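Since the structure comes first, as structure tokens, the remarks are kept for the end.
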Amino acid sequence: MAAVLIPGFLLLMCFSISPSLQHVSESEPLVRFKNSVNITKGDLNSWRPGTDPCGGKWFGIYCQKGLTVSGIHVTRLGLSGTITVDDLKALPNLKTVRLDNNLLSGPLPHFFKLRGLKSLMLSNNSFSGEIPDDFFKDMTKLKRLFLDHNQFVGPIPSSIMQLPNLEELHMQGNQFSGEIPPETNMNKNLKVIDLSNNKLEGSIPESLSGRKNLIMTLTGNENLCGKEVNVECDIVDLESPGEDEPILPPSPPFGGTNASNRTTVNAIMLAITFLILFFLIVGLIRKRNKRKNPQFRMLDKERLSDIDDVEFRAPESTTAKRSTESSKKRGGNADGGSTKKGSSHNGKGGGGGAGVGGAGMGDIIMVNSEKGSFGLPDLMKAAAEVLGNGSLGSAYKAVMTNGLSVVVKRIRDMNKLAREPFDVEMRRLGKLRHPNVLTPLAYHYRREEKLVVSEYMPKSSLLFVLHGDRGVYHSELTWPTRLKIIQGVAQGMQFLHTEFASYDLPHGNLKSSNVLLSETYEPLISDYAFLPFLQPDNASQAMFAFKAPEFAQNQQVSHKSDVYCLGILVLEILTGKFPSQYLNNGKGGTDIVEWVQSSVAEQKEEELIDPEIVNNTDSVQQMVELLRVGAACIASNPDERLDMRETVRRIEQVKS
């Protein structure tokens, strides 16, 4: 019997040892990679020979299911020197390489040897020279390519446009020249292409021109032509003189002498100048009138900026508040209209009142009447104030004649559901009741865009209070207040995860701009459970949960992606830093993930805490405990991340 058991035991030992041996074997090429470069702004001391890269202690290393290295994210360390790509060929499951914001230079390393790469991000280095035309021909799995803000020259390699799975291409801020190579019919996935600020010329290829789902940026190329840059391409004149034919000088215009022609031209130029001045004055008058009488029908669709959800205005000024209060005392609203108590509408889609952007759009549908009922005419009469642009659309504040202040969000991409299922989902949201969840009041349905109406919160968003005007509100964010906000958000998230347990993302878009604050700094979560309303492509572009590492690596999201977002929020509140993860272009803010993971690994958590609250020495240990909870929520591997229930339990253990 013993002779039978021993081989089985040895076999079990082999199975248990082999993954560890694989990890150690993957550590060797990574250590060689580290030794081949110079590091001037930090260190990679956690990369040690013979240790497990997937053990959670190697800085910037991401692993697939904790078993094998799938990503190298080493940014902002001042890396310089020569990258030997052959060292990385020993990592068979490597999918992502991020070396952006370093000091790397020279020709583009031979990354084409890594045929399994899905993301290659080399932005903001000093790579230079021409890229061979066939450089990318074997990188058929590549989805994201970031070569922007380097010093590349020469033509754009045509092999880039032949990549069948490419979704994002960023090559702006270089010195690429020549024409844009045409895209082949192989690639139907390209969604974003940025070639701005190069030296490109010629016409924009027809294969790129006019594509509805493609966001293309080409500004800063003076010699490009096409409708995308508002420059007409010259048409070759087939009857123009040949090289050997003399070109005759043009005859004087209007058939007169030079002197009379000069007089005529001067008169024409004078008339044109007067016309331009006239139109400028008329335009300024109209613009001023629009500002004096803001109404939804006058508001144009704003172009989203690169910075997502950080342009929201402050709450109304003290002067505006006094004006509103004084007009209420006179029996009117802020814009001079009379206040009528009990003004309401039944909210059932009725006659076609004039709506946002046009007429015949139906009425407001009430889903929550706790604050009273209203209709679209009430919104049309309200004094409107633009709050800003967000990832899902524009937001406006409206003060109605009955004194109710609401936020109206115009959402463009909620077009997955038809009217009836849309109504079912919105009524479900309208029934939610939790002290830390903002329940919508009403909606307005239109095929092209939707309005979602909710109550206005006096302190605006946590984003503004933390980062918008530190002189006004930041001093009020004491440690007990911050702990209260974190605990309230965690409780609200647990409620949403219970209510929407069947959703892949019960919230999906948790960030500081979507945490609103009451007068007493009670947090209320907004913009939740929108995933069923959005097409997959729109959801991945608009919702913050899709920035979790698992989506970049495996194109997957889950409840753990919401936990990642909560972790970012907890760390943002404790450090007082604006996370660069909120930005679309990756510039500005603090890479809070790398900063926190590095400091926690070195047991320097106290250095992370916002100086505004660290002086409260009696509570530093509680702050450190919360930092560790936040760090456990942002683990790159979702299997190693806390779940929502455990996150809430550990947060509630921290007492003020």
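Since every read-out is calculated from the coordinates, none of them should be taken as a lab result. It should be emphasised that the depicted structure is a prediction, and the values quoted were computed from it without experimental measurement. Don't worry about glycine lacking a Cβ; one is built from the backbone with ideal geometry, like all the others, and counts go over all protein chains shown.
For Ser502 and Met380 in the same chain, what is the full-extension length gain: residue separation times 0.36 nm, less their Cα-Cα distance, in nm? Could you put the intermediate results ahead of the total?
Numbers: separation 122, 0.36 × 122 = 43.92 nm, distance 3.75 nm.
Between Ser502 and Met380, full extension yields an extra 40.2 nm.
Could you please rank Arg144, Arg645, placing first whichever residue has the fewest other Cβ atoms within 10 Å of its Cβ?
Values: Arg144 19, Arg645 13.
Sorted ascending by nearby Cβ count, the order is Arg645, Arg144.
Place +1 on the Cβ of every Lys and Arg and -1 on the Cβ of every Asp and Glu in the range 17-229, take the dipole about the Cα centre, and give the residue among Trp47, Ile193, Gly116 whose Cα lies farthest towards its positive end.
Final value for the positive-end residue is Trp47.
Mind ranking 458-465, 369-376 by how tightly packed they are, going by the mean number of other C-beta atoms within 10 angstrom, highest first? Don't jump to the answer; show the numbers that get you there.
Working: 458-465: 22.0, 369-376: 18.4.
Put in order of decreasing packing, that is 458-465, 369-376.
Going by amide H atoms built from the backbone, whose H comes under 5 Å of the H on Thr217, apart from near neighbours?
Distant-sequence amide H within range of Thr217: Ile193, Asp194, Leu195.
Asn213 versus Cys225, label points 7 Å from Cα toward the beta carbon: distance in nm?
Output for this residue pair reads 3.2 nm.
Tell me whether the range 17-229 comes out rounded, prolate or oblate; compute the Cα gyration tensor, take square roots of the eigenvalues as a ≥ b ≥ c, and use a/c under 1.5 as the rounded threshold. Provide the component values of the computation, followed by the final result.
Values: a/c = 2.62, a/b = 1.86, b/c = 1.41.
Note, shape of the range 17-229 comes out prolate.
Nearest 0.05, what FRET efficiency do Leu67 and Arg427 give at R0 = 45 Å with Cβ-Cβ as r? Intermediate results must be reported in sequence, preceding the final value.
Working: r = 45 Å, r/R0 = 0.99.
Once the sixth-power term is evaluated, E becomes 0.50.
Where does each of 480-492, 33-45, 83-95 land if you order them by average Cβ count within 10 Å, highest first?
On the way: 480-492: 20.7, 33-45: 14.9, 83-95: 17.2.
Taking the mean over residues of other Cβ atoms within 10 Å, the ranking is 480-492, 83-95, 33-45.
By counting other Cβ atoms within 10 Å of each Cβ, how are Val624, Val74 ranked from fewest to most? Walk me through the numbers on the way to the answer.
Working: Val624 18, Val74 23.
Fewest-to-most ranking of Val624, Val74: Val624, Val74.
Of the listed pairs Lys191/Lys227; Lys381/Lys450; Lys191/Lys416; Lys397/Lys547, which have alpha-carbon separations greater than 25 Å here? The partial results should precede the final answer.
Working: Lys191/Lys227 19 Å; Lys381/Lys450 19 Å; Lys191/Lys416 19 Å; Lys397/Lys547 29 Å.
With Cα atoms farther than 25 Å apart: Lys397/Lys547.
Sorting check: for 569-579, 107-117, which peptide has the highest mean count of neighbouring beta carbons within 10 Å, and how do the rest follow?
Working: 569-579: 22.9, 107-117: 17.0.
In descending order of packing, they fall as 569-579, 107-117.
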